[in-house]
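The values are calculated or read from the model by the stated rules, or taken from the named source; none is laboratory data. Owing to the predicted nature of the structure, the values given are computational and were not obtained by experimental measurement. When we count neighbours, we look across all protein chains shown, and the Cβ atoms used for this are built from the backbone with ideal geometry, even at glycine.
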Amino acid sequence: MDSIPLLEEIAVVGAAAVLVTVVLGRLRLPTVAGLLLSGALIGPHGVGLVSDTHDIEVMAEVGVVLLLFTIGLELSLARLRNIFRHVALGGLLQVAGTVAAVALIARWGFDVPTGPAIFYGFVFALSSTAIVLRGLSERRELDAPHGRFIVGALIFQDLCVVPMVLLVPLLAALDASAGAGEGAGGGAAEVALALGKAAVVVVGVLGVSRLLVPRLLGWVAASRSREVFLLAVLTICVGTAWLTSLAGLSLALGAFLGGLVVADTEHSHRAMGDVLPLRDVFVSFFFVSLGMFFQLDVVVEHPLLVLALLLGFVVGKGALATAAAMLMRFPPRAAWLAGAGLAQFGEFGFVLVRLGTRDGLVHAAQVDPLLNAGILSMFFTPLLLHVAPHLTAGERLLGPLAKLLRARSIEAPDATREALEDHVVLIGYGVAGRLVAGALRSVGALDVILELNVDNVHEGRAAGDPVYYADATSEEALGHAHVAQARCVVVLINDPNAVLRVVATVRRVAPGVPILLRTRYLGEQKALMSLGASSVVADEVEGGIEVLARVLRELDVPHNRVEAEIRKARAATQRSVRATDAPDAVGFDGESALSGLKVESVAVVPGSAAQDRSPRELDLRAKTGATLIAIRRGTDVRPVTGPGEPLREGDVAYFIGEAEAVRAAVQLLSAPPGAAESAAS
């Protein structure tokens, strides 16, 4: 009989979540905001459609287990080793700085005991992975400098969840020992013992699982049953969680370990694909359950406290994250945006709050204002991500600090730049930037390269390129690069908002200098041209045309037909200063004596020089050096036995020769009759 109320609750939660999320989606708010709001509306502190949240919380706990399992599945032990150098320092600075600052304020400012003070630091240190990564992805800022810092910090935070969850009951025991007058020694000993036991359990589970799990999944995959495979993956997830719980550790820790183990097998991608839909469903219940904890009466009763905590998340935590990015030698703009991106309550902060109240470390009345302020910060995050790129006050305040911390900057004295004129200012030193810089170096052109990534600056200078650490949205930096005397400015960076600001700034500093830039989408071209860009190349067009050409060649479409389709595609999108170029013709093996020869094809189209004329009449061999070897007429392909047979409309002519010869033959056979000789010359 108990299943009927549960089904009713699931139906109510699902209907409310879908309705509210769709409505908020029209306001461009993220799905998570809709789930939080739906929980607040239907929960016991709202209209009360769901009065007993126990069943929903159980489903939410399953969501947390699956979420940590997939986090482990995405990382893997091998990937952890690879990314450790990139994320450890930035994440450590952000997490440790936040924990220390909050703990000190709580301990010395509000006389909170040591255990709860550290606990509050844990809660404040975690940000919302789901909300922030979704926002960065939608804004195409994952590869931007601030995006890289935010992603690294979030990965580090996800890794810190496990030891934080482990330390919550130990902090409660430490606090109880201190209250009983037992001193810190016993608590410290308990912490050390528990950490030692945890290390043994982790190593044991990983060791045994790495021996058994690959064999188990291989055996299950051989059954070719998707249902059985999914059941096996869930068994590994729940099984490792259960094993660690027997040792007194958290379910979340076990689930994370299970994900790490599966990630190192050949079945990791299939496991992720099968588990993701299930995880998303249960994680949705997690966000709804989190929204159910929002209490409007708490906000009304303690408005100043909730406001202060909200400012602590948005302003205080954001400032600490900004400081961490500055210490990592990010430029002011990237540091400012990184702080804005990490300035909110996190999903796992809610998990820690539940553990803290369960273990008696804190009381519900103490954390209710914190939870409500945290939930409000999650609502405001999408708005903050949207507004932050347009606010420049924070960047200006960080300017003096940036000069103390940055790598060799464009402002540093450099005699080689004093008389720069008629040079190229290249902004961005990624893959595209390196290609352009290499070409400029080859042709002997002078250039100055501005880059925000410190590692890229060091690599560029080691390679001999004039790369400087600078923010190209700054008029000062552009002035030091002598942009007003430049031949042109080339912008090759991944931050769309920064591109807009660079173009606007260059136009103010150097109104007459051409600006060439790359953007991701063709739809952005018009806005950039209106700001003053001289030439805009859209990645999606160039990539699409390259794929189009390769697909047609794979289908054996004749060379001139491929070029015609390329011209048609460019006419509908963006022109190119390069000649239309189909992929290379088919050649012989590189070690063959015939490796210099190519086989090419041309379709005989109406009005071309080849229509109704033979190779002898065209003087194909003498003019181009290529030889006609076969003709396809309809579905029949037959060899050419002599030069006197005329070509008909619709034929496909195959000829052989060296690369230059086949190119000349394509021009000759495709040109109009009057232009045939000029095409071959």
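If you check Ala334, Ala308, Ala321 for being modelled with pLDDT of 90 or more, out of contact with any strand residue (DSSP E or B) (no Cβ under 8 Å at 6 or more places or on another chain) and buried (at least 24 other Cβ atoms within 10 Å of the Cβ), only one passes: Ala321.
Of all residue pairs spaced 6 or more apart or on separate chains, those with beta-carbon atoms under 7 Å, a first member in region 447-463 that is assigned by TED's automatic domain parsing to the domain that holds Ala437 and within 21 Å of Ala335 (Cβ to Cβ) and a second member that is assigned to a helix (DSSP H, G or I) and at pLDDT 80 or above are Leu450/Ala477; Glu451/Val457; Glu451/Gly460; Leu452/Ala334. Would it be correct to say that Phe84 is of a type in the set (Phe, Trp, Tyr) and at pLDDT below 75? So Phe84 fits the description; yes.
The residues of region 139-166 that are assigned to a helix (DSSP H, G or I), within 9 Å of the chain's Cα centre (by Cα) and among the hydrophobic types (A, V, I, L, M, F, W, C) amount to a single one, Val151. Among the residues of region 1-38, those identified as over 29 Å from the mean Cα position of the chain (by Cα) and crowded, with 23+ Cβ neighbours inside 10 Å are Val13, Ala16.
Looking at region 252-348, the helices (runs of 4 or more DSSP H) lying wholly inside it that each contain 1 or more residues that are under 21 Å from the mean Cα position of the chain (by Cα) sit at 268-291, 318-327, 332-341. Annotation note: of Asp465, Asp471, Asp455, the sole residue that is closer than 28 Å to Pro511 by Cα, among the acidic types (Asp, Glu) and either modelled with pLDDT of 85 or more or assigned to a helix (DSSP H, G or I) (or both) is Asp465.
If you scan region 523-551, which residues turn out to be without any contact (Cβ under 8 Å) to a residue 24 or more places away in the chain and small (Gly, Ala, Ser)? Within region 523-551, Gly523, Ser530, Ser535, Gly543 qualify.
Within region 460-467, the presence of at least one residue that is closer than 12 Å to Gly428 by Cα and touching a helix residue (DSSP H, G or I) at 6+ places or on another chain (Cβ under 7 Å) is confirmed. Evaluation of Val62 against the conditions (1) more than 15 Å from Leu159 (Cβ to Cβ); (2) β-branched (Val, Ile, Thr); (3) at pLDDT 85 or above shows that the sole unmet condition is (3). Residues in region 497-512 that are crowded, with 19+ Cβ neighbours inside 10 Å and in contact with a strand residue (DSSP E or B) (Cβ under 8 Å, 6 or more places away or on another chain): 5 in all.
Residue-by-condition table, conditions (1) of a type in the set (Gly, Ala, Ser); (2) in a loop (DSSP other than H, G, I, E, B); (3) modelled with pLDDT under 85:
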position: Thr580; (1), (2), (3): no, yes, yes
position: Asp584; (1), (2), (3): no, yes, yes
position: Gly644; (1), (2), (3): yes, yes, yes
position: Ala679; (1), (2), (3): yes, no, yes
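Exactly one residue among Leu669, Leu647 is closer than 17 Å to Asn560 by Cβ, under 53 Å from the mean Cα position of the chain (by Cα) and buried (at least 23 other Cβ atoms within 10 Å of the Cβ), and that residue is Leu669.
Considered as a group, the residues in region 633-642 that are over 50 Å from the mean Cα position of the chain (by Cα) and not in a strand (DSSP E or B) include one that is modelled with the lowest pLDDT, and that residue is Thr641.
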